Amino acid sequence: MHRVLTPADYRETAWKNGGGRTTELAIHPPGAGLAHFAWRVSIADVQQDGPFSDFDGVDRTLVLLRGAGMLLTAGGATLDIRVPFEPVAFAGEIAYACVLCDGPVQDFNLMVRRSVAHGRVDVVRDTAGAVRPAAFRLCYVARGACECLLPGRAALKVPERGALAVEADGEAPATLHVNPLAEGAVALVVSVDRRENA
């Protein structure tokens, strides 16, 4: 099963700690709240310095979309999120404090509850990429436009800030091919699988 999503399909929600707003692209199970999702994909606008929300038991991956970036600090360690389109992974229960480098930023955020699933974010830019089979994938076009190809189906064009959601839905998952359609196009592709013992 697949579906092309546009910004009209996304849902705006408050951060868990109330410090800002986020745009939810997809969540599983559909309609799940922050306490019960297995995985969630969203985009956050970070307007000011402050603490990150606590997500105990959740693995997070952030990708800087816009802005000069931010530094996350906790216990003497620092995560440097200043390079656009470079995934940075960390555990959601670590109490990171965010310091913006030069004004507001926007980031892409994958959250996966590690007891039931595992996931990753791949970046496709400049040249075509093939993303390994997975139970759930979401291709978000951060810049430009991309064409997505699944075996036996017509090519699907995904515009900037649009997304393609693909679920195996009982079928054997297939490789997803992503072709940037213009110079500078960038796609972020989420892949999530359930853990075998979940």
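What the table shows:
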item	result
Matching residues in the stretch 139-154 - criterion: being over 16 Å from S191 (Cα atoms) and in contact with a Phe, Trp or Tyr (Cβ under 9 Å, 6 or more places away or on another chain)	A142, R143
Failed item in (1) modelled with pLDDT under 95; (2) in a loop (DSSP other than H, G, I, E, B), with A44 passing the rest	(2)
All positions within the stretch 155-170 that are small (G, A, S) and over 11 Å from A187 (Cβ atoms)	A155, A165, A168, G170
Answer from C139, C101 - the residue that is out of contact with any Ser or Thr (no Cβ under 7 Å at 6 or more places or on another chain) and over 28 Å from A165 (Cβ atoms)	C101
Residue within the stretch 191-198 that is within 13 Å of the chain's Cα centre (by Cα) and either in a loop (DSSP other than H, G, I, E, B) or crowded, with 17+ Cβ neighbours inside 10 Å (or both) present	yes
Single match in L100, L150 (criterion: surrounded by fewer than 19 Cβ atoms within 10 Å (Cβ to Cβ), closer than 27 Å to R194 by Cβ and over 17 Å from the mean Cα position of the chain (by Cα))	L150
Unmet criterion (only one of (1) in a loop (DSSP other than H, G, I, E, B); (2) among the hydrophobic types (A, V, I, L, M, F, W, C); (3) buried (at least 17 other Cβ atoms within 10 Å of the Cβ)) for A182	(3)
Any hit, the stretch 5-12, residues being of a type in the set (A, V, I, L, M, F, W, C), under 14 Å from L110 (Cα atoms) and not assigned by TED's automatic domain parsing to the domain that holds D122	no
Those strands (runs of 3 or more DSSP E) lying entirely in the stretch 96-144 with at least 1 residues of a type in the set (V, I, T), in the same structural domain as R82 (by TED's automatic domain parsing) and closer than 26 Å to F52 by Cβ	97-100, 105-113
Some residue of the stretch 153-173 being small (G, A, S), free of Cβ contacts under 8 Å to residues at least 60 places away in the same chain, over 24 Å from K16 (Cα atoms) and buried (at least 16 other Cβ atoms within 10 Å of the Cβ)	no
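The values are calculated or read from the model by the stated rules, or taken from the named source; none is laboratory data. Not measured: the values here are computed from a predicted model. All Cβ positions, even for glycine, are placed from backbone atoms using ideal geometry, and neighbour counts span all protein chains on display.
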